[in-house]
Amino acid sequence: MPAERTRALLSRGTGLFAASILLCGNGPSVLDPAGPVGQGDRTILLDATAVMLLIVVPTLAATVLFAWHYRASNEKALHLPRWSYSGRLELVVWSIPALVITFLGGMAWIGSHALDPAQPLSSKQKDLDVDVVALDWKWLFIYPAQGIASINRLVVPAGTPVHFHITSATVFNSFFIPRLGSQIYAMNGMVTQLYLEAAHPGTYHGLSAQFSGDGFADMGFEVDAVPAAAFRRWTDTAAHTSALSLDEKAYRALLVQSVVAKPYTYRDVAPHLFEAVAMQRLPPGNGPKTTTAIPDYSPH
């Protein structure tokens, strides 16, 4: 009976493990990069994991081996309770972890410089500038060269580096597109820079990785990487068909705490709006607070 119970538990555990792997594969993952920055992040993560496993696996194996060999029923196990200090043994015990930590530190140092968020990406294509404002609980994307803006939808040309300028009109937030890489913070009164690129067309999920109140769970956005011609069509459509303009009055309406059920665009943007937000010439939002219901102020 105990053997049957053990087999049943192992079978159930194996099934749960396989299901978890399948479920993880269906969501956004840093292990499935879609751009050069994401690929660099994955390389560092896998290399660091492999180096650490060089210590973890032998240690766990030795723990099991020693416990089995020196079990109470093994009369052949040699016990030597008397021992003396060994400098050579101490050198081995401490040098291996020290070398591993040094190696990991070197990898992190090299990787952090190679993947500096503010460092332009090597490309034959001209960068696309996008200004990003974190709000409660939505994302505002401003395209200064195109003169348009969008809420909770980021459209970029595939194969073109995107230069983000990121700030927050409310509390601390975190801008993250897992498959493109390099999560970075959005802070009120400050501007952070980030370069990302989608290597090929596709739709990627973006999110806020910093808890910011009641509507945090709905503070996501879609990134549509499209061919260059499709991007131009999208910007032209937004500029000519949208009925909304992003002026100071419209921006102040965005400061109201709300979630957005459906992304929408603005046909034009007031000059220097992003600079006014970043320099705090426009008021910040109220920040998160407990509410019984989160209104949806999407235009209808």
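Filter segment 188-220 for residues that are closer than 11 Å to Val132 by Cα and either of a type in the set (S, T, N, Q) or at pLDDT below 95 (or both) and give the result.
In the first step, residues of segment 188-220 are kept if they are closer than 11 Å to Val132 by Cα; the result is 191-194.
Those that are closer than 11 Å to Val132 by Cα and either of a type in the set (S, T, N, Q) or at pLDDT below 95 (or both): Thr192, Gln193.
I'd like the full set of residues that are among the charged types (D, E, K, R) and either in a helix (DSSP H, G or I) or touching a residue at least 60 places away in the same chain (Cβ under 8 Å) (or both), limited to segment 45-83.
Just the residues of segment 45-83 that are among the charged types (D, E, K, R), to begin with: 47, 71, 75-76, 82.
Correct list: Asp47 only.
Considering only residues that are β-branched (Val, Ile, Thr), within 14 Å of Met187 (Cα to Cα) and assigned to a strand (DSSP E or B), which ones fall in segment 162-177? Step through it out loud before you land on a result.
Residues of segment 162-177 that are β-branched (Val, Ile, Thr), as a first pass: 162, 166-167, 170-171, 177.
Those left that are additionally within 14 Å of Met187 (Cα to Cα): 166-167, 170-171.
Across segment 162-177, the qualifying residues are Ile166, Thr167.
Within the bounds of segment 233-247, is there any residue that is within 27 Å of Val171 (Cα to Cα) and either in contact (Cβ under 8 Å) with a residue 40 or more places away in the chain or among the β-branched types (Val, Ile, Thr) (or both)?
Within segment 233-247, the first condition is being within 27 Å of Val171 (Cα to Cα), and the residues that meet it are 244-247.
Subset that is either in contact (Cβ under 8 Å) with a residue 40 or more places away in the chain or among the β-branched types (Val, Ile, Thr) (or both): 244, 246.
Yes, segment 233-247 has at least one match.
Does Phe176 satisfy the condition of being free of Cβ contacts under 8 Å to residues at least 24 places away in the same chain and either assigned by TED's automatic domain parsing to the domain that holds Tyr266 or within 22 Å of Lys262 (Cα to Cα) (or both)?
Values: free of Cβ contacts under 8 Å to residues at least 24 places away in the same chain: no; either assigned by TED's automatic domain parsing to the domain that holds Tyr266 or within 22 Å of Lys262 (Cα to Cα) (or both): yes.
The answer is no for Phe176.
When the residues of segment 104-129 are narrowed to those that are charged (D, E, K, R) and farther than 26 Å from Pro271 by Cβ, which ends up surrounded by the most Cβ atoms within 10 Å (Cβ to Cβ)?
Going through segment 104-129, the residues charged (D, E, K, R) turn out to be 116, 124, 126-127, 129.
Subsequent filtering for residues that are farther than 26 Å from Pro271 by Cβ retains 116, 124.
Working: Asp116: 13, Lys124: 6.
That would be Asp116.
Just give me the residues in segment 120-161 being in a loop (DSSP other than H, G, I, E, B) and within 18 Å of the chain's Cα centre (by Cα), in sequence order.
Trp137, Asn152, Pro161
When the residues of segment 162-189 are filtered to those that are hydroxyl-bearing (Ser, Thr, Tyr) and under 17 Å from Tyr143 (Cα atoms), which remaining residue is surrounded by the most Cβ atoms within 10 Å (Cβ to Cβ)? So that I can check it myself, show each step before the final result.
Here is the first cut: in segment 162-189, the ones hydroxyl-bearing (Ser, Thr, Tyr) are 167-168, 170, 174, 182, 185.
If we keep only those that are under 17 Å from Tyr143 (Cα atoms) too, we end up with 167-168.
Working: Thr167: 23, Ser168: 29.
Top of the filtered list is Ser168.
Just to be sure before I move on: is Ser208 buried (at least 23 other Cβ atoms within 10 Å of the Cβ) and over 15 Å from the mean Cα position of the chain (by Cα) in the structure I sent? Give the steps one after another, and end with the answer.
On the way: buried (at least 23 other Cβ atoms within 10 Å of the Cβ): yes; over 15 Å from the mean Cα position of the chain (by Cα): no.
No.
How many residues does segment 84-119 contain that are closer than 28 Å to Ser174 by Cα and either assigned to a loop (DSSP other than H, G, I, E, B) or touching a His at 6+ places or on another chain (Cβ under 8 Å) (or both)?
So the first thing to find is which residues in segment 84-119 are closer than 28 Å to Ser174 by Cα, and the list is 104-119.
In the following step, the residues that additionally are either assigned to a loop (DSSP other than H, G, I, E, B) or touching a His at 6+ places or on another chain (Cβ under 8 Å) (or both) were identified as 115-119.
Adding up the residues that qualify gives 5.
On the given criteria, is Val132 β-branched (Val, Ile, Thr), surrounded by 13 or more Cβ atoms within 10 Å (Cβ to Cβ), more than 30 Å from Val259 (Cβ to Cβ) and in contact (Cβ under 8 Å) with a residue 12 or more places away in the chain?
On the way: β-branched (Val, Ile, Thr): yes; surrounded by 13 or more Cβ atoms within 10 Å (Cβ to Cβ): yes; more than 30 Å from Val259 (Cβ to Cβ): no; in contact (Cβ under 8 Å) with a residue 12 or more places away in the chain: yes.
Taking the combined requirement at face value, the residue does not satisfy it.
Please state which of the following conditions Asp218 fails to meet, knowing it meets all the rest: (1) exposed (fewer than 15 other Cβ atoms within 10 Å of the Cβ); (2) of a type in the set (Asp, Glu); (3) out of contact with any Gly (no Cβ under 9 Å at 6 or more places or on another chain).
(1)
So Pro81 clears everything in (1) out of contact with any helix residue (DSSP H, G or I) (no Cβ under 6 Å at 6 or more places or on another chain); (2) assigned by TED's automatic domain parsing to the domain that holds Thr235 except one condition, right? Which one?
Evaluating Pro81 over (1) out of contact with any helix residue (DSSP H, G or I) (no Cβ under 6 Å at 6 or more places or on another chain); (2) assigned by TED's automatic domain parsing to the domain that holds Thr235 leaves (2) as the failure.
The values are calculated or read from the model by the stated rules, or taken from the named source; none is laboratory data. What you see is a predicted model; the values in this text were computed from it and never measured. Positions of Cβ are backbone-derived with ideal geometry, glycine not excepted, and every protein chain shown enters the neighbour counts.
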